[in-house]
Amino acid sequence: MADVLRLSGIRKSYGDLQALDGIDLAIPDNAYVSLLGPSGSGKTTLLRVIAGFESPDQGSVTLGGSPLDNVPAHRRGIGFVFQNFALFPHLSVARNIAYGLENREIAALTDRAAIRRKVAEMIELVGLAGLEDRGVAQISGGQRQRVALARTLVTEPRLVLLDEPLGALDANLRSRMRAELRSIRERLGVTFLHVTGSESEALAMGDIVLVLDRGRIAQSANADTIYNRPAAPSVARFLNCYNLFEGTLSGEAFVGPAGSFPIEGSTRLAGGKTAYAVRYDRIQVRPASSALASDEAGVEAAFVASEYSGAAVNSFFALDSGQVVEVETHLSHRPPADYAPQERYGLVWKRDLALLFA
Ligand SMILES: Nc1ncnc2c1ncn2[C@@H]1O[C@H](COP(=O)(O)OP(=O)(O)OP(=O)(O)O)[C@@H](O)[C@H]1O
């Protein structure tokens, strides 16, 4: 797959704050790419540098092999979908979409019939047929989202940047729009770079997931690799599905405030920092003082509370060190257990399901 976008050595600071700290990145053509990172990690700044709304202090951006360094935002051929949609409230659905075509810097269209035809095609593609003449104040949030997308896509950009595009939608609509966005992108064959703070959205949508941590790319991989082999403890933390333990290696064990875990059989990953990680759904809860099998590791902890979320229950246990360990039990596997508050339990996992960053 050829790369549509390349970034090399991008740095951007605001005063003393290094918002982007040396970004090297290649984004393939015809792909859905998610950009995940916690608040303040530099996601919006990165999009703004790519779009040309901000100039980097150092580094270069190329699109389709051509440098963009001196190309202003409106001549880059890059589309941008804003979180708040940024539609013209006094214009109809069709007029909002046509606006992009009539006013684009490169090859603006003036032929009314051609504009009408392209707008109609786009309305069909994003599923807005029948709403052409409605004012954008008279349609739902999900429909406004589609107008924003259509207005960008109608200009045939090579790359579309989407800044938290589902953030303003309610939970139901958000999950429906995930599938819609993926299918619209596939039909057009254009590359989408979708910024999100939601790990489930990033993993569900991206053919490639980029994880940004304090202005640097911490990992770039497919969803399965990110989920099962996070490149660093910080990536595991953002994924919100791993218990992370701090400590050091001591012979054949990982030792920290939580206890001592034999490391034989655990998956060893390079991660810059020593840490031990166990996914929430890899932990079994047993009576306290149960014997461990030779391929298991575990800790004892006091039950705090459970949270029911439909298909699963998440239970929280406090270790003697104060750290809270989360256990996720899928209800298709077993009925919800009734743990007693403050009671001690054994939390046990197979060693070969644990990750050791060292
Ligand atoms: N115009 C600006 N002036 C000063 N600091 C800025 C400016 N824009 C961003 N920053 C700072 O740069 C850092 C990165 O901000 P950015 O908006 O890119 O993060 P983000 O990952 O998009 O966060 P969020 O998910 O909260 O939107 C933050 O610490 C932010 O406060």
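The values are calculated or read from the model by the stated rules, or taken from the named source; none is laboratory data. Keep in mind that this is a model prediction, so the values were computed, not measured. Because the Cβ atoms are built from the backbone with ideal geometry, glycine has one as well, and the counts that use them run over all protein chains shown. Ligands, DNA and RNA are stripped out before the accessible areas are found, and what is left, the full protein with its side chains, is counted by its heavy atoms. Shrake-Rupley method; radii C 1.70, N 1.55, O 1.52, S 1.80 Å.
Picking from residues in segment 164-192 that are in a loop (DSSP other than H, G, I, E, B) and among the acidic types (D, E), the one that is least open to solvent (accessible area, probe 1.4 Å) is E164.
Scanning segment 72-84 for residues that are part of a loop (DSSP other than H, G, I, E, B) and open to solvent by 40 Å² or more (accessible area, probe 1.4 Å) yields P72, F82, Q83, N84.
If you check L17, L63, which single one turns out to be within 28 Å of the chain's Cα centre (by Cα) and open to solvent by 20 Å² or more (accessible area, probe 1.4 Å)? Lay out the reasoning, then the answer.
On the way: L63 fails: open to solvent by 20 Å² or more (accessible area, probe 1.4 Å).
Matching residue, one of L17, L63: L17.
State whether the residues of segment 141-163 include one that is modelled with pLDDT of 90 or more, open to solvent by 10 Å² or more (accessible area, probe 1.4 Å), closer than 25 Å to P38 by Cα and within 30 Å of the chain's Cα centre (by Cα). Yes, segment 141-163 has at least one match.
Among strands (runs of 3 or more DSSP E) entirely within segment 234-290, having at least 1 residues that are open to solvent by 40 Å² or more (accessible area, probe 1.4 Å) singles out 242-246, 248-250, 253-256, 259-262, 267-269, 284-287. Cβ-Cβ under 7 Å, sequence separation 6+ or interchain: first residue in segment 184-208 and at positive phi, partner more than 16 Å from the ligand (Cβ to nearest atom) and not in a helix (DSSP H, G or I). Which pairs? Sorted first by the residue in segment 184-208, then by its partner, the pairs are G189/N30. Where residues in segment 110-127 are small (G, A, S) and out of contact with any Lys or Arg (no Cβ under 7 Å at 6 or more places or on another chain), which of them is least open to solvent (accessible area, probe 1.4 Å)? Filtering segment 110-127 for residues that are small (G, A, S) and out of contact with any Lys or Arg (no Cβ under 7 Å at 6 or more places or on another chain), the one least open to solvent (accessible area, probe 1.4 Å) comes out as A114. Within the span defined as segment 126-147, every residue fails to be touching a Gly at 6+ places or on another chain (Cβ under 7 Å), part of a loop (DSSP other than H, G, I, E, B) and assigned by TED's automatic domain parsing to the domain that holds A31.
Do we find that A148 is farther than 11 Å from A94 by Cβ and touching a residue at least 40 places away in the same chain (Cβ under 8 Å) in this structure? Criteria met by A148.
Checked against (1) free of Cβ contacts under 8 Å to residues at least 60 places away in the same chain; (2) closer than 30 Å to I217 by Cα; (3) among the charged types (D, E, K, R), D295 meets all criteria but (2).
Report the residue count in segment 67-89 for those that are farther than 16 Å from T155 by Cβ and within 16 Å of the ligand (Cβ to nearest atom). Total satisfying the criteria: 2. Would you pick out the residues in segment 307-334 that are more than 19 Å from A258 (Cα to Cα) and either surrounded by fewer than 16 Cβ atoms within 10 Å (Cβ to Cβ) or not assigned by TED's automatic domain parsing to the domain that holds Y276 (or both)? Matches in segment 307-334: E307, Y308, S309, G310, A311, N314, H330, L331, S332, H333, R334.
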